[in-house]
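The values are calculated or read from the model by the stated rules, or taken from the named source; none is laboratory data. Treat the numbers as computed from the prediction; the structure is a model and nothing was measured. A quick note on method: Cβ atoms are made from the backbone with ideal geometry, for glycine too, and the neighbour counts reach across all protein chains shown.
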Amino acid sequence: MVSAGIIKTEWVKEKLKKYGIVVVLFLMIVGLTLAEPNFIRRTNIFNILTQASIFGIMALGLTFVIISKGIDLSVGSILAFAGVVAASLAQSPLATNKYYPNLGELPLLIPILVALLIGLSCGAVSGFFIAKTKIPAFIATLGMMTIARGFALIYTNGRPISNLESMTVIGGRVFGVIPIPILVYAGAIVLSWILLNNTKFGKNVYAIGGNATAAEVSGVDVDKNLIMIYAYSGLMAGLAAVVFAGRVGSVHPGAAQMYELTAIAATTIGGTSHSGGIGTIWGAFVGALVLAVMRNGFTLLGIDAYWQQVTEGAIIIVAVIIDMRKNARKD
Amino acid sequence: MSAESNLLEVIGVVKKFPGVLALNNVSLEVAPGEIHALMGENGAGKSTLVKCIAGIQAPTSGRIVFKGEDITEFTPKKALDRGISMIHQELSPVVHRSIMENIWLGREPLNRFGLVDHKAMYRKTQEVLAEIDLQEDPRTLMENLSVAKMQMIEIAKAVSYDAKLIIMDEPTSALTDKEIQQLFRIVRALRDKGKSIIYISHKLEEIYEITDRVTVYRDGTYIGTERTLDLPVQKMINMMVGRDVDELFPKTPCPIGEVKLEVRNLSHARFFRDVSFTARRGEILGIAGLVGAGRTELIQTIFGIYKKASGTILIDGKEVEISSPKDAIKANMALLTEDRRTSGIFPMLSVRFNMTIASMGQFMNRVKLLSGQKIARKSEEYRKSIHVKTPNLEQKIMFLSGGNQQKVLVARWLMTQPDILFLDEPTRGIDVGTKAEIHRLISELAGQGKTIIMVSSELPEVMGMSDRILVMCKGVATGIVENTPDLTQDTLMAYATNTMNQETA
Ligand SMILES: Nc1ncnc2c1ncn2[C@@H]1O[C@H](COP(=O)(O)OP(=O)(O)OP(=O)(O)O)[C@@H](O)[C@H]1O
Ligand SMILES: [Mg+2]
């Protein structure tokens, strides 16, 4: 029999591999705190989480997509499209350049629902084409990325929509303490976690990414589930649009460019595997935190924003290398 | 046998994986010109050992001595250069390419410009194929070959390396008797040329038919080596399992009810035509035939994987339209597919996930969410009953031995409790001990009034389990016979080769 000691070291190695990124995050936090004690203050922590919330919410949807062995490049554009339409329904009655000059003040719920609906629909359309025509997800969502951006520009004629009095509530705080974006993010995490772990849909996502043929034979309706996966990713982009509008107070049709890549990066850093079948919501959260902490830390330390980009890229590559070593050990 | 005269010696080899001690101080001696069987239950460590010998993985400790030389560097390339070649348990040909490209993959003959010399490749392939007596055009694409032929091509590849030692890990698991005989002819011819063969199989008849000596492992430990002829079956099984078991589980008779499934004149554009049969509640209908007879395609068409060209399917006397596996599952059918890797396992996912994915509906709690507890309880129950060897249910299925992966898939489908269960080679690669247990579970399902349709290339299994047997030959149902005690394998083979008339004449 193997001695307990060997099993123990193996266990440690295994856990390190599994939670390596958490260790990295922890070291980053310790390092930054030592370098700049202000880093660990509550306001700054809230800052980081608020910053993480927008691409973090998108990363949740992308986790489903990437586990199913797909990709979604359209979420940034969907954010912009859903954002401008929602914004046009949330302008304060006194705003000067109103999109709908005669529109009174609508209940806040309406622009929110509209944003979610637009996100969901755009995602469902991508999903439909991926499922029914079998075109690669990369192509379908690349198309959707351009189309949604186009619609955002057409809708606004290229101009930003501002004076979103009612929506800025979402950028505010509960009890004047906890920023609402963080709460929205937390809610989205819980929802995604339950969906992925405790519903048939979630299991199907893993099955499709793990082996689509076997999934089909096991009775998984692959087409339907693909549509649902991309619709969920779109929905999360719509939710991100709401948070975006709330925080910024205006939405530009060119907003959130490249956000999809940040979201993909967060998901990837968190250990979701692009070869499908592997990934967790928890990982997407940690991944988003790693990026947000890094950005925040660089700013605090006054490091050049351009170097920030270089480092971010390097981290993504290293994360994927670690991830591949962890998963691709099949002999 | 003295140490110098052995071609291969394995001395005290240990192999550890995280949480698993796959080999614990095992040994093995292979003489030149012998066919040496390596036997043991699923997960005993057979594949692990031969992978070490073939340089696919390195042992944790211990010595492997080949031609008197210690192997220190473990890579497949080095092993091939030394003269060790392996035919894998799971084939992995490059299916879209030709036979010759597959054989010379990675060492293509080049012309003087450094480009691939297709003419030389063609000629050399012809030579190799002739050596093992196989008539195929070297330019044929792999995907157009039957599994049996692919297996032969793998052997041709081994021969082309001029290997001294050829390792065969369950080479016959996808073959039927006729093809096995062809394989054996080649294997014997290789032995007569002085080559050594390590032969792994769970089919005891084969071990007795072709091997000279047997080494048995159990749970990663060495149990013993004997001359095959001196080793009675029960003793061999006892060495493997550590107790006595019956080789096959005889079907328990149970009352047979009304017709559940009826297939009328079902045809497929390519694979079979005009097949009709019925299957009743509580009945086990065996489907026999040679590889390529269209058995797998027949049940996959009924299940909606392939598109039928014509014909009707009735369940409980009512016509049903099944155009996808989803429809089939709605009609309460289930299918254990033949190809474990492409349509069976989710390699990166856990044993538990793989077992329960088709039965998720059973695990909902009151608020329609999946209950981890229920999933855990059920999978644990099945793990115990069919002896899945795994450190825990969270283990990724790709780290299980071949036979244990198969057990997980069997569990997946038994768990769904379908009305009609199609089993395609259900016990492929499963050890003798567990085979009987799976037969018992299948029998039990039939006893509950389920309808079972089982394709198997092993005639003893078909004849041991079935109430009736449908025999196919080249896409045609040549007969449906009652499985009476006087039914012989010869009669079945006559149907399978469509030579009944000669037989009875
Ligand atoms: N890469 C791996 N990681 C973890 N465990 C492994 C790995 N490969 C094999 N094992 C374990 O080692 C043990 C021996 O496996 P092996 O494949 O050698 O069995 P086997 O004798 O060939 O069985 P079978 O008859 O089912 O093919 C099994 O318990 C298996 O789960
Ligand atoms: Mg094996």
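Since residue A:237 meets every condition but one in (1) under 15 Å from residue A:63 (Cβ atoms); (2) surrounded by fewer than 24 Cβ atoms within 10 Å (Cβ to Cβ); (3) in contact with a Ser or Thr (Cβ under 8 Å, 6 or more places away or on another chain), which condition does it not meet?
(2)
Test residue B:11 against the criterion of being aliphatic (A, V, I, L, M), touching a strand residue (DSSP E or B) at 6+ places or on another chain (Cβ under 6 Å) and away from ligand 1 (no atom under 13 Å from the Cβ), and give yes or no.
Criteria met by residue B:11.
Quick check on segment B:209-240: of everything there that is assigned to a loop (DSSP other than H, G, I, E, B), within 16 Å of residue B:46 (Cβ to Cβ) and of a type outside the set (Gly, Ala, Ser), which residue is farthest from ligand 2 (Cβ to nearest atom)?
B:211
Working only within segment A:184-201, note down all residues that are within 20 Å of the chain's Cα centre (by Cα) and facing chain B (nearest Cβ under 9 Å).
A:194, A:197 - these are the residues of segment A:184-201 that are within 20 Å of the chain's Cα centre (by Cα) and facing chain B (nearest Cβ under 9 Å).
Please indicate, with yes or no, whether at least one residue in segment A:34-57 is of a type in the set (A, V, I, L, M) and touching a Gly at 6+ places or on another chain (Cβ under 6 Å).
Checked segment A:34-57: no residue is of a type in the set (A, V, I, L, M) and touching a Gly at 6+ places or on another chain (Cβ under 6 Å).
Got at least one residue in segment B:137-145 being within 16 Å of ligand 2 (Cβ to nearest atom) and touching a strand residue (DSSP E or B) at 6+ places or on another chain (Cβ under 8 Å)?
no
For residues that are in a helix (DSSP H, G or I) and within 19 Å of residue A:241 (Cβ to Cβ), tally how many sit in segment A:99-148.
25
Taking only pairs six or more apart or across chains, which ones have beta-carbon atoms under 6 Å, a first residue in segment B:144-169 that is away from chain A (no Cβ under 14 Å), and a second residue that is within 16 Å of ligand 2 (Cβ to nearest atom) and in a helix (DSSP H, G or I)?
As it stands, the answer is B:167/B:50, since those pairs meet every condition given.
Could you please find all residues in segment B:373-419 being away from ligand 2 (no atom under 15 Å from the Cβ) and assigned to a loop (DSSP other than H, G, I, E, B)?
Across segment B:373-419, the qualifying residues are B:386, B:387, B:391, B:392, B:393, B:394, B:395, B:416, B:417, B:418, B:419.
Which condition does residue B:61 not pass, out of (1) under 30 Å from residue B:204 (Cβ atoms); (2) away from ligand 2 (no atom under 16 Å from the Cβ); (3) of a type in the set (Gly, Ala, Ser), if it passes all the others?
Going through (1) under 30 Å from residue B:204 (Cβ atoms); (2) away from ligand 2 (no atom under 16 Å from the Cβ); (3) of a type in the set (Gly, Ala, Ser) one by one, residue B:61 breaks only (1).
So residue A:41 fits all but one of (1) within 17 Å of residue A:293 (Cβ to Cβ); (2) modelled with pLDDT under 90; (3) surrounded by fewer than 18 Cβ atoms within 10 Å (Cβ to Cβ); (4) not polar (S, T, N, Q); what number is the exception?
Result: residue A:41 fails condition (2) only.
Please enumerate the residues belonging to segment A:207-226 that are closer than 16 Å to residue B:361 by Cβ, within 7 Å of chain B (Cβ to nearest Cβ) and within 26 Å of the chain's Cα centre (by Cα).
A:207, A:221
In segment B:387-409, which residues are more than 8 Å from ligand 1 (Cβ to nearest atom), in contact with a helix residue (DSSP H, G or I) (Cβ under 6 Å, 6 or more places away or on another chain) and over 16 Å from residue B:425 (Cβ atoms)?
Matches in segment B:387-409: B:387, B:388, B:393, B:397.
Just give me the residues in segment A:55-87 being β-branched (Val, Ile, Thr) and within 15 Å of the chain's Cα centre (by Cα), in sequence order.
A:57, A:63, A:65, A:66, A:67, A:71, A:75, A:78, listed by residue number.
Taking the residues in segment A:227-255 that are closer than 19 Å to residue A:151 by Cα and touching a Pro at 6+ places or on another chain (Cβ under 7 Å) as candidates, determine which candidate is nearest to the other protein chains (Cβ to nearest Cβ).
Looking at residues that are closer than 19 Å to residue A:151 by Cα and touching a Pro at 6+ places or on another chain (Cβ under 7 Å), I get A:251.
Restricting the search to segment B:411-447, which residues are within 15 Å of ligand 1 (Cβ to nearest atom), over 23 Å from residue B:216 (Cβ atoms) and more than 14 Å from chain A (Cβ to nearest Cβ)?
Hits for segment B:411-447 are B:425, B:426.
Checking the conditions here, which among A:163, A:157, A:204 is over 19 Å from residue A:91 (Cβ atoms) and either within 14 Å of another protein chain (Cβ to nearest Cβ) or among the polar types (S, T, N, Q) (or both)?
Unique residue meeting the criteria: A:204.
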